[in-house]
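The values are calculated or read from the model by the stated rules, or taken from the named source; none is laboratory data. These numbers come from a predicted model, not from an experiment. Cβ: placed from backbone, ideal geometry, glycine included. Neighbour counts: every protein chain shown. We work out accessible area using only protein heavy atoms, side chains counted, and drop any ligands, DNA or RNA first. Shrake-Rupley method; radii C 1.70, N 1.55, O 1.52, S 1.80 Å.
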Amino acid sequence: MPSYAYFHKQFIPLEEAKLGVMTNFLHYGTAIFEGIRGNWNSQQKQLFLFRAKEHYQRMFNGCHVVNINLPYSMDELMQITVDLVAKCGFEEDVYVRPLSYKSSESLGVRLHDLECDFLAFAFPWGPYLDTDKASCCVSSWRFPNEVPRAKISGLYVTNALAKTEAIDNGFHEAIMLTPDGYVAEGSGENIFLVIDGQLVTPPGSDGILIGITRDTVMQLAKNELDIETVERHIDRVELYTAKECFLTGTAAHITPVAEIDHRKVGDGEIGEITRKLQNLYMDIIVNENPRYAHWCTPVYKK
Ligand code: PMP
């Protein structure tokens, strides 16, 4: 089935969406990207975009940081996304990649005096980490927290170094530390530990990306399981002694971590709290829990 892109204000086949080689962002990473999931509910024969508005709000914030004037309103972006995914017609889980970028075909490192544009495309994408229990390593690459909390394309090269180092060493994913040596996040996920029956996760002030899945997990833990999340610095050693650990992300959903640096997390099986959160989350993203229906946007007209 063909994929489509929204490109230069039109819907066109994905393979026809091409950029010039001098496009500014291609050279300097001067772009903000997002990742939004469309989750297929086979019973309802419907595809649901999950918390798409929150993703676009984060994109607006990121654009503000890097001087990108996004020429669309929230409602327009939502409509473009629904129309794009509906046009693709997939009956499986999809991933939408919106990108706001410095579009001038002009070189020179800067953010000023450059035009901006927005594109988006959708394609089928199954499980991201492709394992039900991940093994992780602490990366030798420290993550940059100078320009935190935005999905700036150029910043992701550190994440890519960390990810490939992890794969080369036989792990599924890397856990990056802050320059101060505290636990930060995975290359494309936030991280949670279960310590003394509470959830613990690094604070925004450590420079992590404030994940939408992270927020979802914190709300579900509080409202559905009566478990508070403590946002605090996490020492590396706590990774080894926590009872449970899991990663969260739009692509990775909630992925349990069974092993870190060759040490089992807990007993090496999926922990009880992780399992409960996973079950809740997997129902909610396909709009099977009416309490959270406001997070789901249906794509297909019935
Ligand atoms: N951290 C990083 C570095 C990421 O790339 C992502 C994926 N967007 C996340 C965390 C998780 O964010 P979200 O739950 O909003 O996808």
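For region 156-197, the alpha-carbon radius of gyration amounts to 1.25 times the rule-of-thumb value 2.2 N^0.38 Å expected for a compact globular protein.
For region 42-168, just say rounded, prolate or oblate: build the C-alpha gyration tensor, square-root its eigenvalues into a ≥ b ≥ c, call rounded for a/c under 1.5, and beyond that prolate if a/b exceeds b/c, oblate if not. It is oblate, given that a/c is not under 1.5 and a/b is not larger than b/c. Calculated on the alpha-carbon coordinates, the convex hull of region 116-225 measures out at 157 cubic angstrom per residue. Structure note, pairs Lys133/Lys163; Lys18/Lys302; Lys18/Lys87; Lys53/Lys243: Cα-Cα distances above 27 angstrom occur for Lys18/Lys302; Lys53/Lys243.
Taking 0.36 nm per residue of separation and subtracting the Cα-Cα distance, full extension of the segment from Thr158 to Glu269 would add 37.0 nm. Solvent-accessible area assigned to carbon and sulfur over region 1-96 amounts to 51 percent, based on a 1.4 Å probe. A probe of 1.4 angstrom, applied to the heavy atoms of all protein chains, finds Asp168 with accessible area near 120 square angstrom. Note on Gln57 and Gln43: their simple-model spin labels are 2.9 nm apart, each label 7 Å out from Cα toward Cβ.
Kirkwood's formula applied to the C-alpha pairs of region 213-262 gives a hydrodynamic radius of 12.3 angstrom.
Pull out a ≥ b ≥ c, the square roots of the eigenvalues of the alpha-carbon gyration tensor of region 14-63, then state rounded if a/c is under 1.5, prolate if not and a/b is larger than b/c, and oblate in the remaining case. Let's see the in-between values first.
Details: a/c = 4.96, a/b = 1.72, b/c = 2.88.
Oblate.
Looking at region 38-102, the pairs of alpha carbons with a distance over 19 Å make up 36% of the total. An oblate overall shape is assigned to region 108-147, the ratio a/c of its alpha-carbon gyration tensor axes (a ≥ b ≥ c) being 1.5 or greater and a/b not exceeding b/c. Which log10 I(q)/I(0) values, to two decimals, does region 201-302 give at q = 0.15, 0.18, 0.22 Å⁻¹ under the Debye formula with one point per Cα? Reported log10 I(q)/I(0), two decimals: -0.68, -0.95, -1.31. Overall dimensions of the chain, expressed as equivalent-ellipsoid semi-axes from the Cα gyration tensor (√(5λ), whole Å, largest first), are 31, 25, 17. Applying 1/(1 + (r/R0)^6) with R0 = 41 Å to the Cβ-Cβ distance of Lys222 and Met74, what FRET efficiency is obtained, to the nearest 0.05? Approximately 0.95, to the nearest 0.05. At 1.306 mPa s and 10 °C, plugging the Kirkwood radius over alpha-carbon pairs of region 179-221 into Stokes-Einstein gives what diffusion coefficient in µm²/s? Translational D for this selection: 143 µm²/s. FRET efficiency for the pair Phe123 and His294, taken as 1/(1 + (r/R0)^6) with r the Cβ-Cβ distance and R0 = 35 Å, rounds to 0.85. If the chain linking Met1 and Tyr28 were pulled fully straight, counting 0.36 nm for each residue of separation and taking away their Cα-Cα distance, it would gain 6.4 nm. For the chain, the solvent-accessible area of protein heavy atoms averages 45 Å² per residue (probe radius 1.4 Å; ligands and nucleic acids excluded).
Kindly express, to the nearest 10 degrees and within the range 0 to 90, the angle between helix 272-284's C-alpha long axis and the longest C-alpha principal axis of the chain. So the helix axis and the longest Cα principal axis differ by about 30 degrees. Helical content alone sets the calculated 222 nm signal of the chain at -8000 deg cm²/dmol, taking -39,500 (n - 2.57) per DSSP H segment of four or more residues and averaging over every residue. In plain terms, the chain from His233 to Ile12 could stretch by 75.0 nm, reckoned as 0.36 nm per residue minus the Cα-Cα distance.
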